[in-house]
Structures are given as C-alpha cells and as structure tokens.
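**Student:** The structure follows.
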C-alpha cells in the first residue's frame, strides 16, 4: 500500500479548508510574491489566481514548473522582506531541535512581511507521520523500538536505522511552543472531532 495515498485520503478535507482560509486572509493575486519553504509545486498549480511562488527545498523537485531554490530553511539566501508571504506546511517539526526550530522561525519572519506556518499539534492523540495513536507521547528510546510496529511501519517496512532516524528528526510542537517561536502571531487551531489536530501561526 502506498503510504502517501493513505495520507492524502485523510488530509484532503483539511487541506481544502486550509487553502480557503489562506486565500481569504491574504487576498492572494497573481502578483503576490510567496516563498514556500519545504513545499511542492502541485498545490500552487491548482490555485486560482496563481501567485508568484518560489519553492525552497533541500533537494530539488524534478520537472518543477515553478522557480525553485535549493537551501536550508534555517538559513535562507534572500533579503529581508523579499517576499510578501512566507508559507510553510508541516515542515518546522522536521528541522531539528528547539534551536533549529527557532532559526527556522526567525528566517520565516525575516524574509516576508506576512507568514503562514502550519504544523501538527503535539497534543492531538494520533501522530500524523506514523498514523498511530499515542506513539509520540512515549519516551524517545521506546519510540525507536516500537515505531516499526506503527501503521506507518507496517505499511512501509522501514529498517531499524531509518526508524531511529525519523524518530530523532520529528519534534512536534504544542500551542505554547509554537507561539513562543513566532511572538505576536495569530494562532489558528484546526480541529477534528472536537480536538485540535494541527496549528497555524500567521501574521
């Protein structure tokens, strides 16, 4: 089974609603300059009107129809306020420890006047990367061992080394942690079954 299809079928509704909120908040036009840190071109190619988007990733997207720059989100090669909006979807939890997340947040706030940063909520009971309840609340040493038995692990059959690497890479954030990285930002809570599934900070 393709793990990406599992993700897509579950999250499609939330992404549609998120895009509607984003478009309404910023009144995006074809002249809006957006930097998407860690994103893909497909979502922007479906957007009408289509803004002026630059993708930033650490590895290039093949056959990308949009301008793309290979760079680390913690050290972006752009001038202050070079863009109208900095956009990032489910990336900040992958950049490393608290110091790395702060560096990422500082760059987001530096390169654009406005920003929109989404991340899964640490306190939602289902861990979205492993599609498994409560696993993210276990001690890291235990997560290293049990993640291969998560729904993600059963579907993808990762090696023990990869399990350890992906557990070490992901650092989920709660509302207080996220807002502390983006002082003065507005916090939006995306809810599922009455619980906060993911968090968005925006300015």
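A short reminder: the numbers here are calculations on the coordinates, not readings from a lab. Keep in mind the model is a prediction, meaning the values are calculated, not measured. So basically every Cβ, Gly included, is an ideal-geometry build from the backbone, and we count neighbours across all protein chains shown.
**Student:** If I take every Cα pair under 8 Å that is 6 or more residues apart in the stretch 117-203, average their sequence separation and divide by the length, what percent do I get for the relative contact order?
**Tutor:** Averaging sequence separation for qualifying contacts and normalising by length gives 35 percent for the stretch 117-203.
**Student:** If packing is taken as the average count of other Cβ atoms within 10 Å, what order do 177-189, 117-129 fall into, highest mean first? Could you put the intermediate results ahead of the total?
**Tutor:** Working: 177-189: 15.4, 117-129: 20.5.
Most protected by this proxy first, the peptides run 117-129, 177-189.
**Student:** Given the options 87, 134, 104, which has the most mean-square fluctuation in a GNM of the chain, springs set between C-alpha atoms less than 10 angstrom apart?
**Tutor:** Among 87, 134, 104, the largest mean-square fluctuation in the Gaussian network model of the chain belongs to 134.
**Student:** Could you tell me the calculated FRET efficiency between residue 177 and residue 72, based on Cβ-Cβ distance and R0 = 25 angstrom, to the nearest 0.05?
**Tutor:** On the way: r = 21 Å, r/R0 = 0.85.
Efficiency for this residue pair is about 0.75.
**Student:** Expressed as a rounded percentage, what relative contact order does the chain have, with Cα pairs under 8 Å and six or more residues apart?
**Tutor:** Working: 328 pairs, mean separation 34.8, N = 203.
Relative contact order for the chain comes out at 17 percent.
**Student:** If you fit an axis through the alpha-carbon atoms of helix 3-26 and take the longest principal axis of the Cα set of the chain, what angle between them do you get, 0 to 90°, nearest 10?
**Tutor:** Value to nearest ten degrees: 30.
**Student:** So how tilted is helix 160-169 from the main axis of the chain? Cα-based, degrees 0 to 90, rounded to 10.
**Tutor:** 40
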